Amino acid sequence: MSHVYVIEKDSGTKKLSRIICADEDKELQRLLERNLNLLPGDQISPGQDLRWLLVKREMPVVNPSTGENLWSIDFLLVDQDGIPTLIECKRRNDTRSRREIVGQVLEYAASGRYYWTASDFRIQAQNTAGDEAKLRQMLNDLTGSDTVPEEFFAVMEKNLQRSKMRLIFFLDDSPFELRSIVEFLNGQLKDMEVLIIEARQYQYGDARIVVPWVFGFTEEARVAKRESKLETERLSPAKGEDAFWEALRTSGISPEWEGRVHEFVNQIREAPGCDLRWLRTCIVDLPNVVPQRTLLSIIRDGTLQLGLACWKPRDGSTLSARQSAAQNELFDWLRTTFDFSQEDLQSKQYPMVPLERWIPAAVQLAELIKRLGA
C-alpha cells in the first residue's frame with residue numbers, strides 16, 4: 001500500500017492515514033456522481049484530457065432470458081468522442097470486488113450492446129440533465145462545439161455496437177487478483193478498454209484527500225488501443241450537406257428512394273419559416289412554431305426522426321394558440337398516416353419512422369411543413 005505525505009514548514013513530512021471505505025454508496029458512488037473528474041482522463045488517455053457526461057446513474061440492464069430490466073450498472077457515462085463508459089463501484093472488503101465483478105460487468109456490457117439504443121441514451125441523459133436546454137449546453141461543453149443530441153447519441157450507439165467502449169471498476173483499493181484479470185483483458189481486447197480506478201482516500205485534519213490511480217494498461221495494450229483510436233477517428237463521419245448526401249448514397253438504399261429524399265428536401269428547402277441545418281443529419285427546424293426549433297431530422301440511412309419532445313417549451317410555459325394549432329395538425333396527420341396512437345404521441349420523445357414508411361407520404365409531409373411554417 002502506497003502512502004501520501006504532507007510536507008510541513010520545517011521540511012519534515014507527516015504520513016496521512018489511509019481511510020478504508022465503509023459505505024459504498026456515500027464514499028464511492030455519491031462521491032463519483034458529484035466529482036466525475038475523479039476519473040483522470042489524462043491518465044486514461046495520455047495526451048487527451050477526457051471529459052465526461054453522466055448519462056444515467058443506475059442504468060437499467062436487460063436480462064436476455066426474460067427481456068426485463070433485472071439489473072443496473074452503477075454509472076453509464078460518455079466521453080467527448082461518444083465512447084460509452086460503464087462503471088461499477090465496489091469496496092475492497094466486498095468479496096465481489098475480485099472475480100465476480102468482472103463477469104458481472106462483462107454481462108452488463110454484452111446486454112447493453114444488444115438492447116441499448118441512441119434513443120435510450122438521449123432520453124436518459126436529458127432526464128439526468130434536467131431538460132433539453134441543459135442537455136444541449138452540457139453536450140456543447142463536452143464536445144467544444146455546437147452538438148445535436150440525436151447525432152451525438154447515434155455515434156455513441158454505433159461505438160457500443162462495435163464494442164468500442166470502456167469498462168471501469170471504481171474502488172477504494174483493488175486486490176491483486178482483480179488487477180491481474182483486468183491487465184490480461186486489456187491486452188487481449190483491441191477496441192474495449194478495461195480499467196481499474198482506485199479512489200484512495202486519506203485523512204488530513206477534518207478533511208479527506210482523494211487520490212485517483214489508474215491500473216490496467218501495459219505499454220503493449222496502449223499501442224493496440226492507439227491504433228484502434230486512429231481507426232475510429234478516420235472512420236468518424238464528416239459533417240455538412242455534401243457528407244450527408246454521400247452517406248445516404250452509400251447506405252444501401254435504392255437510387256429511386258435516394259432521389260425521393262432529394263425531392264423532399266428540395267420541396268421544403270424554401271418553405272416559409274423552415275430552416276435546414278446540416279450536421280451529420282439533415283435537421284428540419286421550424287423556429288417560429290416549434291418551441292425547441294426542431295421538427296424532425298433525416299438520419300443518414302434515410303430514417304425519419306420526429307422531434308416530438310421539442311414541442312415542450314423549455315421554460316415550462318404553455319403553447320401559444322398558433323403553436324397549439326400546429327401541434328394538433330401535426331399529431332392528427334401522424335395518427336392518420338403512420339397509425340401513431342395518442343399514447344405514442346404523449347410518451348415517445350424522438351420516435352423513428354423507417355424510410356419505406358415515410359417516403360410514400362413525403363409529398364404530403366412536405367405540404368404539411370409548408371402549412372405549419374406559413
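The values are calculated or read from the model by the stated rules, or taken from the named source; none is laboratory data. Since this is a predicted model, take the numbers as computed values, not measurements. A quick note on method: Cβ atoms are made from the backbone with ideal geometry, for glycine too, and the neighbour counts reach across all protein chains shown. Keep in mind that these areas ignore ligands, DNA and RNA; they rest on the heavy atoms of the full protein, side chains included. Shrake-Rupley method; radii C 1.70, N 1.55, O 1.52, S 1.80 Å.
Using only Cα atoms, what Kirkwood radius does the range 225-374 have, in angstroms? Walk me through the numbers on the way to the answer.
On the way: mean 1/r = 0.0608 Å⁻¹.
16.5 Å is the Kirkwood radius here.
Here the simple spin-label model places points 7 Å from the Cα toward Cβ, and for Arg371 and Ser11 these points are separated by 8.5 nm. When the chain is fully extended, how far beyond the present Cα-Cα distance does Lys190 get from Asp339, taking 0.36 nm per residue of separation? Once the chain is fully extended between Lys190 and Asp339, it gains 49.2 nm.
Considering only Gly307, Gln43, Leu345, and ranking their Cα positions along the charge dipole of the chain that arises from unit charges at the beta-carbon of Lys, Arg, Asp and Glu, the one farthest toward the positive end is Gln43. Based on DSSP H segments of at least four residues, each scored -39500 (n - 2.57), the chain has a per-residue ellipticity at 222 nm of -12500 deg cm²/dmol.
With N set to the residue count of the range 3-77, report its C-alpha Rg divided by 2.2 N^0.38 Å to two decimal places. Don't jump to the answer; show the numbers that get you there.
Values: Rg = 18.7 Å, N = 75, 2.2 N^0.38 = 11.3 Å.
Output field value: 1.65.
Remark on Val4: its backbone amide H falls under 5 Å from those of Leu16, a criterion applied only to residues 5 or more positions apart or on other chains, H modelled at 1.01 Å from N. Across the chain, the mean sequence separation of Cα contacts (distance under 8 Å, 6 or more residues apart), normalised by length, yields a relative contact order of 12 percent.
Arg260 sits with roughly 80 Å² accessible to a 1.4 Å probe, with DNA, RNA and ligands left out of the calculation.
For the chain, with the dipole built from +1 on Lys and Arg beta-carbon atoms and -1 on Asp and Glu ones, taken about the Cα centre, which of Leu296, Asn69, Val211 lies farthest toward the positive end? Projecting each Cα onto the dipole axis, the largest value belongs to Val211. Shown in residue order for the range 29-37 are the 3J(HN,Hα) couplings computed by the Karplus curve 6.51 cos²θ - 1.76 cosθ + 1.60 at θ = phi - 60°: 5, 5, 4, 5, 4, 8, 9, 5, 5 Hz (x for Gly and Pro).
With the simple model of a label 7 Å out from the Cα in the direction of the Cβ, Arg34 to Arg314 spans 2.8 nm. Based on protein heavy atoms only, the range 292-348 ends up with 49 Å² per residue of surface accessible to a 1.4 Å probe.
Amide H contacts of Phe340: Arg335, each under 5 Å away and 5 or more positions distant or on a separate chain (H built 1.01 Å from N in the peptide plane; Pro and chain starts excluded).
Ignoring ligands, DNA and RNA, please state the percent of accessible area on the chain from carbon and sulfur, probe 1.4 Å. That share works out to 48 percent. Between Met352 and Asn288, the contour length at 0.36 nm per residue exceeds the Cα-Cα span by 20.7 nm. Note on the chain: Cα convex hull, mean projected area over all directions, 22.7 nm².
Would you work out if the range 85-208 is rounded, prolate or oblate? Take a ≥ b ≥ c from the square roots of the eigenvalues of the alpha-carbon gyration tensor; rounded if a/c is under 1.5, else prolate when a/b is larger than b/c, oblate otherwise. Kindly include the intermediate steps, with their values, before the conclusion.
Details: a/c = 2.36, a/b = 1.40, b/c = 1.69.
Cα axes put the range 85-208 in the oblate bin.
Amide H to amide H, with H built 1.01 Å from N, Leu296 comes under 5 Å of Val284, Gly307, counting only residues 5 or more places away or on other chains.
With a cap of 13 neighbouring Cβ atoms within 10 Å, and only residues DSSP puts in a loop, list the GluC sites (Glu not before Pro) found in the range 247-327. Could you put the intermediate results ahead of the total?
Working: sites: Glu256, Glu258, Glu263, Glu270; in loops: Glu270.
Listed in order of number, the matching sites are Glu270.
Most mobile of Ser163, Ser145, Ser72 per a Gaussian network model of the chain (Cα springs, under 10 Å)? Most flexible of the set in this elastic network: Ser145.
Which of Lys134/Lys164; Lys14/Lys164; Lys14/Lys56; Lys56/Lys190; Lys239/Lys312 have a Cα-Cα distance over 32 Å?
Values: Lys134/Lys164 27 Å; Lys14/Lys164 44 Å; Lys14/Lys56 40 Å; Lys56/Lys190 26 Å; Lys239/Lys312 28 Å.
Checking Cα-Cα distances, Lys14/Lys164; Lys14/Lys56 exceed 32 Å.
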